[in-house]
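What follows is a short report on a single structure.
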Amino acid sequence: MSKIQFRHYRPDEVVAGKTMRGWLPFSMSWWHALGAAGTDMFGGDTADKSFGATPGTMAHARAKADFGFELMQKLGIEYFCFHDRDLAPEAATLAETNARLDEISDYILAKSKATGIKALWGTANLFGHARYMNGAASSNSADVFARAAASVKKALELTVRLGGRGYVFWGGREGYDTLWNTDTKFEQENIAALMKAAVAYGRKIGFSGDFYIEPKPKEPAKHQYDFDAAATILFLKKYGLGGDFKLNIEANHATLAGHTFRHELRTAADNGMLGSIDANTGDALLGWDTDEFPYSVYDAAECMYEVIKAGGVTGGFNFDAKNRRASYTPEDIETAFRMSMDTFALGLKKAAAIIEDGRIDAFVRDRYAGYGSGIGAKIRSGSATLEELEAYSLKSEPALPGSGRQEELLGVINEVLFG
Ligand code: XLS
Ligand code: CA
Ligand code: CA
């Protein structure tokens, strides 16, 4: 097996005080790399992801694992992310489904032990089956809630077994299509109840990692409760889940919510909740979740600037990304990973260069200098009263605040990035 050669990714090279491998724990998403075959709303598969076996069989589940581990080894990727459904097809009963998951996790665990490649995070697919048409924990059916909880229990066990750093809740159908049939407060209370039960069980079986919520505003639901980082943080704090949960920020979901990737990273980090990253990108001209392999060095540099400032992620960088429909050969899969890993490696170096250059950080620091003493320091200490601030203001009119110098700063960034 020949290792893939990178242009910028050198796992052991130290950048900003840590190895590239340490800053960038890359992960392969089982569903895209081994599952997505190019199907879209208007046409079927273009890629062959049978891997020499019949799809829907356990032989196929094993063939996917074989291909996945070889791919990760070639790339030097040390983690993978999975839904229960990605690992083995669902059977007629929960008991049979669980038996299949036990069987395939034995197989994967053996490969994991042989290679050192582990799960980054696991999750349960609580959106694909027809039973989840009205959501899982937010379903109007208590039986569906119970079934979702059973799947979370099993997915947590798999995550622990496969060495996962985290466990993800992505609420694709935890939302609504019309408020005319929905009790939003009731549904969100139920979502919190499932999460609390998951924390209790996870800790009981020895899961010491973080739980994550992955915000997304819509698709498939018209409105998802975990709309963006801010809405999700409010939910976690309201229900007392902040100690066990962090966020898994996905670039494409950030832009769907009308934010930038960087905005969502900053919001999570400001609240001490930057856990993990789903590294992908959307398309500025398309209003849905295209899950493309990230290629913008500029975006990657912005991302890595936020990540360095936050001291890194406790999770990793999961390529929740798939090849375009017309890039359908096995070589296209390798090329996509290589290109995106290099994008983040270069982004990391550029972000470190921005910090090293110092002009941006110095500008931001100086911009708030007026809060360092006098009335500003009083405001920062939280002790300034309105009466005092009025008395202060009566003495003189405030000067205009200093210029934001936006264009100058953008020029500095261009200079550091491109010379
Ligand atoms: C879908 C989400 C999903 C989560 C895991 O848009 O990105 O794939 O990452 O359920
Ligand atoms: Ca994702
Ligand atoms: Ca997505």
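Computed from the coordinates by the stated procedures, all read-outs in this text should not be read as laboratory data. Given the structure is predicted, the values throughout are model-derived calculations rather than measurements. Heads up, the Cβs are rebuilt from the backbone with ideal geometry, glycines too, and the neighbour counts pull from every protein chain shown.
Per-structure values
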item: Estimated distance in nm for a label pair at A200 and V412, the labels positioned 7 Å out from Cα along Cα-to-Cβ; result: 5.2 nm
item: Under the Karplus curve 6.51 cos²θ - 1.76 cosθ + 1.60, θ = phi - 60°, whole-Hz ³J(HN,Hα) for segment 181-198, x wherever Gly or Pro sits; result: 10, 10, 9, 5, 5, 4, 5, 5, 4, 5, 4, 4, 4, 5, 5, 5, 5, 5
item: Formal net charge of residues neighbouring G411 (Cβ-Cβ distance under 11 Å; K, R +1; D, E -1); result: -1
item: DSSP bridge orientation in the chain - percent antiparallel, rounded to nearest 5; result: 20 percent
item: Global form of segment 146-186, assessed from the alpha-carbon gyration tensor, a/c cut-off 1.5; result: prolate
item: As computed over the chain, the Cα convex hull volume per residue (Å³); result: 181 Å³
item: Overall form of segment 174-289 per C-alpha gyration tensor (a/c, 1.5; a/b vs b/c); result: oblate
item: Non-local Lys pairs in segment 211-337, i.e. 8 or more apart or on different chains, that have alpha carbons under 23 Å apart; result: 11
item: Amide H partners (placed H, <5 Å) of Y212, local residues excluded; result: Y167, V168, F169, K246
item: Phi-based couplings in Hz for segment 138-146 (Karplus 6.51, -1.76, 1.60; Gly and Pro marked x); result: 9, 5, 6, 9, 5, 5, 5, 4, 4
item: Spread of Cα-to-Cα distances over 10 Å intervals beginning at zero, given as percent, for segment 1-87; result: 15, 38, 29, 15, 3
item: Under 12 Å from K153, Cα to Cα: aspartates and glutamates that are on another chain or at least 8 residues apart; result: D84
item: Over segment 351-419, equivalent-ellipsoid semi-axes from the Cα gyration tensor in Å; result: 35, 14, 7
item: Dimensions in Å of segment 58-157 - Rg and Dmax from alpha carbons; result: 14.8, 46
item: Radius of gyration and maximum dimension Dmax of segment 221-261, Cα, Å; result: 10.8, 29
item: Amide H contacts of D320 (H built 1.01 Å from N, under 5 Å, at least 5 apart or other chain); result: A279
item: Size of charge dipole - the chain - debye, nearest 20, with Cβ of Lys, Arg +1 and Asp, Glu -1, no other charges; result: 1000 debye
item: Within-10-Å neighbourhood charge of S112 [Cβ basis; K, R +1; D, E -1]; result: +4
item: Phi-based couplings in Hz for segment 148-159 (Karplus 6.51, -1.76, 1.60; Gly and Pro marked x); result: 4, 4, 4, 5, 4, 4, 5, 5, 5, 4, 4, 4
item: Three-way shape label, segment 277-413, alpha-carbon gyration tensor, a/c 1.5; result: prolate
item: Stretch gain in nm, segment D270-L286, where the contour uses 0.36 nm per residue and the Cα spacing is subtracted; result: 2.8 nm
item: Estimated 222 nm signal from helices in the chain, with DSSP H stretches of n ≥ 4 weighted -39500 (n - 2.57), rounded to 500; result: -15000 deg cm²/dmol
item: Using alpha-carbon coordinates, inclination of helix 229-238 to the longest axis of the chain, degrees; result: 90 degrees
